[in-house]
1. Could you look through segment 254-304, keep only residues that are charged (D, E, K, R) and closer than 21 Å to Lys225 by Cβ, and pick out the one that is farthest from the chain's Cα centre (by Cα)?
2. Tell me whether segment 233-241 contains one or more residues that are in contact with a Cys (Cβ under 7 Å, 6 or more places away or on another chain) and β-branched (Val, Ile, Thr).
3. Of these, Asp65, Asp90, which one is out of contact with any Gly (no Cβ under 8 Å at 6 or more places or on another chain) and modelled with pLDDT under 85?
4. Just the residues that are within 22 Å of Val175 (Cβ to Cβ), surrounded by 13 or more Cβ atoms within 10 Å (Cβ to Cβ) and at pLDDT 70 or above, please, taken from segment 4-31.
5. Within segment 161-189, can you find the residues that are on the phi > 0 side of the Ramachandran plot, at pLDDT 95 or above and either surrounded by fewer than 16 Cβ atoms within 10 Å (Cβ to Cβ) or outside any helix (DSSP H, G or I) (or both)?
6. Please determine, by comparing only the residues of segment 219-253 that are of a type in the set (A, V, I, L, M), assigned to a helix (DSSP H, G or I) and under 14 Å from the mean Cα position of the chain (by Cα), which one is nearest to Ile270 (Cα to Cα).
7. Count, please, the residues in segment 254-298 that happen to be of a type in the set (Asp, Glu), assigned to a loop (DSSP other than H, G, I, E, B) and either touching a strand residue (DSSP E or B) at 6+ places or on another chain (Cβ under 7 Å) or under 18 Å from Arg119 (Cβ atoms) (or both).
Amino acid sequence: MLYDSLYTKILPLADDITVYPAHGAGSACGKNMMKETVDTLGNQKKVNYALNQPDKESFTKVVTDGLLPPPAYFGMNVSMNKKGYDSFDDVLKQGMKALSAEEFEIIAEASGALILDTRNNGEFAKGFIPQSINIGLNGDFAPWVGSMIVDVTQPILLVTDPTNEEEAVTRLSRVGFDNVLGHLEGGLESWIKAGKEIDTVNRITAQQFELEAKADKIKVIDVRKESEYASEHVQDAYSKPLAYINDWVRDIDPKEHFYLHCAGGYRSVIAASILQARGYRNFTEVEGGFSAIAQTHVPRTQFVCQRKCLNNFNSIIKK
């Protein structure tokens, strides 16, 4: 019973006190975080799994069990907090610098800046500046930027939908990426109008994937989390989570074609952009990801509750 637990002794504050989370759901700072952005302490005592532990040891165990190592950029953020950082006003002013296609190209070549395209995965796949990395604003933007780029000092040039420039610069700065050199004025359309080269992702529908899977023996790489893969996946697919792409990319045989998917397309296009930037092109990305594949007759494993999968992974970690 919560009333008899240690936490009623160390949390003597009134139940009607309002509490706010320090991080949101999906953050790499914890697990099983609620989506709500405000609650009362009394309700948290009732529903929060961490506060329903009998003692300190149990609390420590349940909160840390199964957590992955912190993203590499966390350490850099700590250093920034200690040493100081630029004023956000200065960061925003620099990031909001509108660059013509010619200026953008010159700065990219001279600075070695990473070209970060924040448009949605569908638009990116249709056309993008060669060597761009796609991390869309319409998903878990900041966490994936931190995991994929890592170095907060990395110079960045932005390609966004018009009017989204300020949001991109702001969200980058929130996780320490303050070195945005500017953005492409007018978005990709201005690049195309200037006659500049564009690249595309080889993308097919789930229905086409089904036809190709029937016609030949195929290799499939699933970039979802391990728990998502364990819950249900395409028969014989390989589990290669996006978070570990820097580890598994070296194992890819550039001569062997493969199909790439995630849950809905967000993460697989991130992976596709990274792969193409590194010279890997012998693959096909599946639009709509596993959600779309599940609507076809492509053979899949039997569904298992993700919560059970997480428990299984935790057991493995313990061993």
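1. Filtering segment 254-304 for residues that are charged (D, E, K, R) and closer than 21 Å to Lys225 by Cβ, the one farthest from the chain's Cα centre (by Cα) comes out as Arg300.
2. No: zero hits.
3. Asp65
4. Pro21
5. Gly182, Gly186
6. Once the filter is applied, the top-ranked residue is Leu242.
7. Total meeting the criteria: 1.
The values are calculated or read from the model by the stated rules, or taken from the named source; none is laboratory data. Everything quoted here is computed from the prediction, not taken from an experiment. Neighbour counts run over all protein chains shown; Cβ positions are idealised from the backbone, glycine included.
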